[in-house]
Amino acid sequence: MFLDPSASHLIITTTLGENYYLHTQSRQPKALSRLKGVVIESISWNPSQPTASTREILVGAADGNVYEVYIEPSTEFYRREEKYLKGVYKTSEGTVTGVWTDLVPGRPDFRRVLVATQNKLLHFVGRIGRHGSEGSGSIFSKLFETEAPTVHEISRGSGATPSMLSVSPDQQDVAFPDSAGSERAFAWLSSQGVFHGKLLLAPESADLGNKVYAASRLLPRSLIPPSQSAGGRNKTTQEPIHSMILTQWHVLCLVEGRVVAINREDDTVVYDQVVLEPSQSAVGLVADPKKNTFWLFTKQEIFEIVVNDESRDIWKIMLRSRQFEAASQYAKTPAQKDAVATASGDYLVSKNQYMEAAAVYGRSSKPFEQVALTFIDQGEQDALRKYLLTKLSTFKKTSVMQRVMLTSWLMEIFMAKLNSLDDTITTKAELAEGMNTADTKDQLSAIRREYQDFVTKYKADLNRKATYETISSHGREEELLFFAKVINDYNYVLAYWVQRENWPETLAILQKQTDPEVFYRYSSVLMAHVGGEFVDIMMRQANLNPRKLIPALLNYNKITSVPINQNQAVR
């Protein structure tokens with residue numbers, strides 16, 4: 001019996017080659033007259049999983065033919081269930097033991113088809129034909145006629161051994177659609193063992209089959225521990241694998257009444273259990289691709305193979321194979337995530353990728369001083385800056401001391417970096433007129449933006465006095481004023497501009513002030529240098545006490561000799 005993933009269509013085949021179809025909404029199986037005499041071995045259902053009809057499906061037969069058939073339940077007595085049946089491919093190998101079809105993302109007119117026989121696995125990819133108006137035309141003939149398959153072939157074994165094709169079930173936890181496990185896996189059982197790999201989706205060319213096979217590997221029959229005889233001794237002959245299905249991460253094999261589960265990533269046997277008595281014969285293993293449940297059928301019984309949290313150790317395997325991105329996605333507990341981050345950082349440092357290592361280390365518990373000294377010893381100030389910023393973002397607001405120390409250190413690093421970039425620009429300009437300083441200037445503005453974001457975000461953690469001292473010691477005027485403005489220290493900014501007699505900047509700051517004390521403090525100097533503009537600003541203030549301005553006005557009067565109609569004190 002062959003049931004489609006949506007559980008809408010059931011095809012029943014008998015040993016005499018009589019085939020029947022039962023739709024989920026019908027009580028009565030209907031004979032498939034066009035398929036009479038065809039011994040069905042495998043079926044590839046339509047990837048879009050239609051429920052009303054089967055649409056185009058591929059049927060693998062015992063005589064080596066692959067047929068395309070379209071079955072639509074019909075209530076009329078004289079109408080056949082099959083709209084059409086067409087032989088689209090014939091293998092030279094005998095029985096078609098497995099067939100699978102899937103879509104190629106972004107290419108609605110493309111399909112990939114796998115066809116398995118005893119000794120060959122064929123991979124087709126290409127364009128399918130268009131439908132005839134009544135759905136009478138085959139869509140797969142075009143694909144099989146125009147595309148040559150990529151073939152994986154094994155040497156012919158002696159005698160017939162079980163062969164089948166299995167594809168992994170739908171993913172249950174697609175939290176990471178782009179991650180390592182997002183493509184389905186396939187497995188082909190042959191006399192040598194299980195050949196398995198990912199059903200890669202790119203490139204969409206004839207080369208896809210080579211890519212898929214190159215990334216696949218054989219899980220040899222010898223990996224499965226030998227069965228034990230009645231006396232408890234290991235048997236000398238190796239029994240073949242009778243049946244095989246895939247779970248998300250494992251290959252389940254049925255060997256002589258034992259169910260053996262092998263991890264696909266690292267070939268370890270994780271489960272090996274005798275289930276059947278010697279007298280019992282199994283029908284085979286079956287998976288429900290929608291529900292991720294796995295079953296073993298015998299002539300009398302049904303066993304369920306229950307899978308519990310099978311991805312729990314995947315992070316360790318990914319870590320060992322240095323797939324750090326995938327490892328961190330499958331790590332569940334903080335301790336696991338931390339182990340991945342530390343190992344990933346160590347690996348990146350060994351490859352001299354310090355900037356990447358800094359971001360990873362920042363999220364790990366690797367001792368702070370070890371990491372900081374690694375970057376300092378290597379002279380990697382940029383990586384050190386990135387590490388400190390990442391580390392700072394992991395500290396809670398209550399870790400006041402750590403936050404103050406990190407922000408102070410970062411302030412020093414930012415100033416040194418800005419100065420070294422300024423020096424580079426100056427040196428280059430002096431050395432040669434033609435040298436390109438544009439890159440350094442771009443870098444300078446990028447670091448300046450990073451500094452401004454840093455100050456704005458962490459202004460509460462920066463010690464005011466220490467920060468002023470650090471920036472002043474490096475002579476960074478623009479950064480000093482930016483910091484003062486961010487923390488609303490306008491007295492500092494005013495005093496700074498007055499000291500340098502930069503009157504336009506002074507007046508620009510003063511216009512935004514409402515505190516009368518600020519006006520009284522700077523009234524004398526401003527009346528003397530920019531009386532007219534200062535009076536304009538004062539006239540807009542409602543809360544000034546004139547008595548406190550008299551000294552400034554008298555002083556102005558003493559040092560200026562202008563006609564009374566231009567006298568700012570009088571105005």
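Do you know the Lys pair count in the range 429-571 for C-alpha distances under 24 Å, with sequence separation 8 or more or different chains?
Close lysine pairs found across the range 429-571: 9.
Quick one: length gained pulling Asp309 to Glu76 fully straight, 0.36 nm per residue minus the C-alpha distance? Display every interim value, and only then the final one.
Details: separation 233, 0.36 × 233 = 83.88 nm, distance 4.89 nm.
Extending this stretch completely gives an extra 79.0 nm.
For the range 176-271, what value does the Rg/Rh ratio take when both radii are computed over Cα atoms and Rh is the Kirkwood radius, given to two decimals? Numbers along the way, then the final one.
Values: Rg = 15.6 Å, Rh = 14.7 Å.
When Rh is taken as the Kirkwood radius, the ratio is 1.06.
Once both axes come from the Cα atoms, what is the angle between helix 381-394 and the longest principal axis of the chain, in degrees from 0 to 90, rounded to 10?
80 degrees
Quick one: Karplus J couplings for the range 511-524, per residue in order, coefficients 6.51, -1.76, 1.60, θ = phi - 60°, nearest Hz, x for Gly and Pro?
4, 8, 8, 10, 6, x, 4, 4, 5, 4, 4, 9, 4, 4
Of the peptides 40-47, 312-319, how do they stack up when ordered by the mean number of other Cβ atoms within 10 Å, highest first?
Values: 40-47: 21.1, 312-319: 19.5.
Most protected by this proxy first, the peptides run 40-47, 312-319.
Sequence gap at least 6, Cα distance under 8 Å: using those rules, report the relative contact order of the range 9-65 to the nearest whole percent.
Working: 88 pairs, mean separation 16.2, N = 57.
Value for the range 9-65: 28 percent.
Would you mind checking Lys211/Lys391; Lys90/Lys299; Lys211/Lys290 for any pair whose Cα atoms are more than 31 angstrom apart? Walk me through the intermediate numbers first.
Working: Lys211/Lys391 41 Å; Lys90/Lys299 33 Å; Lys211/Lys290 27 Å.
Violating the 31 Å limit, Cα to Cα: Lys211/Lys391; Lys90/Lys299.
Which of (i) -0.23, -1.14; (ii) -0.31, -1.16; (iii) -0.45, -1.05 is the computed log10 I(q)/I(0) by the Debye sum over Cα atoms at q = 0.05, 0.11 Å⁻¹ for the structure on display?
(iii)
Nearest 10 degrees, 0 to 90: what angle lies between the long axis of helix 550-559 and the longest principal axis of the chain (Cα atoms)?
70 degrees
Note down the Stokes-Einstein diffusion coefficient of the range 64-170 in µm²/s, whole number, using a Kirkwood radius over alpha carbon pairs, 10 °C, and 1.306 mPa s. Could you put the intermediate results ahead of the total?
Details: Rh = 15.6 Å.
Once the numbers are plugged in, D ends up at 102 µm²/s.
For the chain, what does the relative contact order come out to in percent, with C-alpha contacts under 8 Å and a separation of six or more?
Values: 908 pairs, mean separation 27.6, N = 571.
Relative CO of the chain lands at 5 percent.
Residue-wise, which Karplus ³J(HN,Hα) couplings in Hz belong to the range 415-426, taking 6.51 cos²θ - 1.76 cosθ + 1.60, θ = phi - 60°, and x for glycine or proline?
Along the range 415-426, the couplings run 5, 4, 5, 4, 5, 5, 5, 4, 4, 4, 4, 4 Hz.
Kindly write out, for the range 258-267 in residue order, the coupling ³J(HN,Hα) from the Karplus curve 6.51 cos²θ - 1.76 cosθ + 1.60 (θ = phi - 60°), rounded to whole Hz, with x marking Gly and Pro.
9, 9, 10, 10, 10, 5, 5, 6, 10, 6
If packing is taken as the average number of other Cβ atoms within 10 Å across a peptide's residues, how do 296-304, 407-415, 13-21 rank, most packed first?
Working: 296-304: 12.6, 407-415: 19.6, 13-21: 15.7.
Highest to lowest by the protection proxy: 407-415, 13-21, 296-304.
Tell me the relative contact order for the range 418-560 as a rounded percent, counting alpha carbon contacts under 8 Å between residues six or more apart.
Answer for the range 418-560 is 14 percent.
Round to a whole number: what % of the accessible area of the chain belongs to carbon and sulfur, probe 1.4 Å? Don't skip to the answer; put the middle values down first.
Values: 15300 of 29720 Å².
In the chain, the share of accessible area belonging to carbon and sulfur is 51 percent.
What is the angle, in °, between the Cα long axis of helix 464-473 and the longest principal axis of the Cα atoms in the chain? Nearest 10 is fine, range 0 to 90.
It works out to around 80 degrees.
Over the chain, with the other protein chains present, what is the accessible area per residue in square angstrom, probe 1.4 angstrom?
Numbers: 29720 Å² over 571 residues.
For the chain, the per-residue accessible area is 52 Å².
Order these peptides, 22-32, 115-125, by their mean beta-carbon neighbour count within 10 angstrom, highest first. Mind dumping the intermediate values first?
Numbers: 22-32: 14.3, 115-125: 23.1.
Descending mean neighbour count gives 115-125, 22-32.
The values are calculated or read from the model by the stated rules, or taken from the named source; none is laboratory data. Given the structure is predicted, the values throughout are model-derived calculations rather than measurements. As a convention, Cβ positions derive from the backbone with ideal geometry for all residues, glycine included, and neighbour counts pool all protein chains shown. Just the protein is used for accessible areas: all its heavy atoms, side chains included, with ligands, DNA and RNA removed. Shrake-Rupley method; radii C 1.70, N 1.55, O 1.52, S 1.80 Å.
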